[in-house]
1. Is there any pair linking a residue in region B:24-51 that is of a type in the set (Phe, Trp, Tyr) to one that is exposed (fewer than 14 other Cβ atoms within 10 Å of the Cβ) and outside any helix (DSSP H, G or I), with Cβ under 9 Å and at least six apart or on different chains, and which?
2. Kindly provide the set of residues from region B:169-197 that are outside any loop (DSSP other than H, G, I, E, B) and either of a type in the set (Gly, Ala, Ser) or open to solvent by less than 10 Å² (accessible area, probe 1.4 Å) (or both), ordered by number.
3. Mind listing whichever residues of region A:48-59 are open to solvent by less than 40 Å² (accessible area, probe 1.4 Å) and under 12 Å from A:Tyr32 (Cα atoms)?
4. If I go through region B:36-58 residue by residue, how many of them are of a type in the set (Gly, Ala, Ser) and closer than 13 Å to B:Ala22 by Cβ?
5. Take the residues in region A:137-165 that are in contact with a Leu (Cβ under 7 Å, 6 or more places away or on another chain) and more than 7 Å from chain B (Cβ to nearest Cβ); name whichever of them is farthest from A:Leu73 (Cα to Cα).
6. Of the conditions (1) without any contact (Cβ under 8 Å) to a residue 60 or more places away in the chain; (2) under 27 Å from A:Ala35 (Cβ atoms), A:Val121 fails just one. Which one is it?
7. Might you check whether a residue that is of a type in the set (Ser, Thr, Tyr), buried (at least 19 other Cβ atoms within 10 Å of the Cβ) and either farther than 19 Å from B:Ala187 by Cα or at pLDDT 95 or above (or both) occurs anywhere in region B:134-149?
8. Which of the residues belonging to region B:92-122 are open to solvent by less than 20 Å² (accessible area, probe 1.4 Å) and within 12 Å of B:Val189 (Cβ to Cβ)?
Number of protein chains: 2
Amino acid sequence: MTDVAAPRRGRPGNSLESLLDAAVAVFNERGYEAASMEDVAGRLGVTKSAIYHHVSGKGELLRLALDRALDALFAVTTEPGASTGRSIDRLEHVVRGSVRVLAAELPFVTLLLRVRGNTDVERDALERRRRFDRVVTDLVRGAEEEGDVRPDVGPALTSRLLFGTVNSLTEWYRPDGDLSPDALADAVVTTTFAGLRTDRRTFATESPERSTP
Amino acid sequence: MTDVAAPRRGRPGNSLESLLDAAVAVFNERGYEAASMEDVAGRLGVTKSAIYHHVSGKGELLRLALDRALDALFAVTTEPGASTGRSIDRLEHVVRGSVRVLAAELPFVTLLLRVRGNTDVERDALERRRRFDRVVTDLVRGAEEEGDVRPDVGPALTSRLLFGTVNSLTEWYRPDGDLSPDALADAVVTTTFAGLRTDRRTFATESPERSTP
């Protein structure tokens, strides 16, 4: 669906991009259902007809916005770090990449996570989210089979809890604050992979995420 | 605010309770802003004026619903398990209790987590959520000072990630499914406290959450 996300009618990309930024801001503030094309036009200081010049309506704005988040998340899963090596390392790569996407495309990912499936556009996005979740669950399962992930919780539940943590970042993370996306990704990987509880018998040994000063 | 949550006008509690259940279902489905009192009346099969007999309007329905979730969460923090003993154990008690509240009051907690502060009622709820978060952060800080929580992430970030995981359960958990609230709480505590990664050097030793078969 990457072609849909590109400016298709030969207009400068930044024009569609500003429109998308405004639409996503309005959708996130008012909720997609409650938001109107007037709200989006008002945010941009243009007329509604100027917007209909670019897109067919609110549904197309939603699709473009959701695909931007989803395309970025799927791109992470095809990077070499996500497709070669031990499953646990590929899983860590996907977690770090997802945190990076979340920080870079925060309003778009926020919108994606609020989608409930009320329209065809929303149902398509939910279907793509489910495919992403299956990629993560398969990595957790692989890591469990390789002995790197604890076997007592189960891959589906583990991946739900793991990406529950990642997705919850949209609730409070602000990329312009003190915490860089990389520091955030470190904290997420450390707490989810190694746990928040110290174990004084093991804390002194050199497991990779614990030996960092 | 417990007094507000009680049926105040001498009507049978189950009548206000049905009204609240319907209102919360409508608010969660359509979003609070987009939802109307007509929608709530329609869901109940009564007239709008029948509803105004119970409450002054949509804002009061929202306040009653949010207080139900918040009162239940604060009740957990004053239980003996949350106020005596080592901080790490008190923290675990609050996590388990919050999962239990989330499962028992799922639509109410879901609504609470979507509040963005657009009205006085929502801002009051956000302030109460922040107070709850401070209780959790203080427990994490105490556990860190007692050497039980890893010192390399920081109490505020650790508690945000921890309750990010808990709150994310509203996105997928259904109490009528195969996973009981207790099993869910076990999985949450295991993965967040001990981490998803096995450490074969330590997995054979007896840390409490790992020795369970």
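1. Listed by first residue and then by second, the contacts come to B:Tyr32/B:Asn118.
2. Correct list: B:Leu169, B:Ala183, B:Leu184, B:Ala185, B:Ala187, B:Val188, B:Val189, B:Phe193, B:Ala194.
3. A:Gly59
4. Residues in region B:36-58 being of a type in the set (Gly, Ala, Ser) and closer than 13 Å to B:Ala22 by Cβ: 5 in total.
5. Here the residue is A:Ala143.
6. (1) is the only condition that A:Val121 fails.
7. Yes, region B:134-149 contains at least one residue that is of a type in the set (Ser, Thr, Tyr), buried (at least 19 other Cβ atoms within 10 Å of the Cβ) and either farther than 19 Å from B:Ala187 by Cα or at pLDDT 95 or above (or both).
8. Hits for region B:92-122 are B:Val94, B:Val95, B:Gly97, B:Ser98, B:Val99.
The values are calculated or read from the model by the stated rules, or taken from the named source; none is laboratory data. What you see is a predicted model; the values in this text were computed from it and never measured. Positions of Cβ are generated from backbone atoms using ideal geometry, with glycine treated the same way; all protein chains shown enter the neighbour counts. SASA here: full protein model, heavy atoms, side chains in, ligands and nucleic acids out. Shrake-Rupley method; radii C 1.70, N 1.55, O 1.52, S 1.80 Å.
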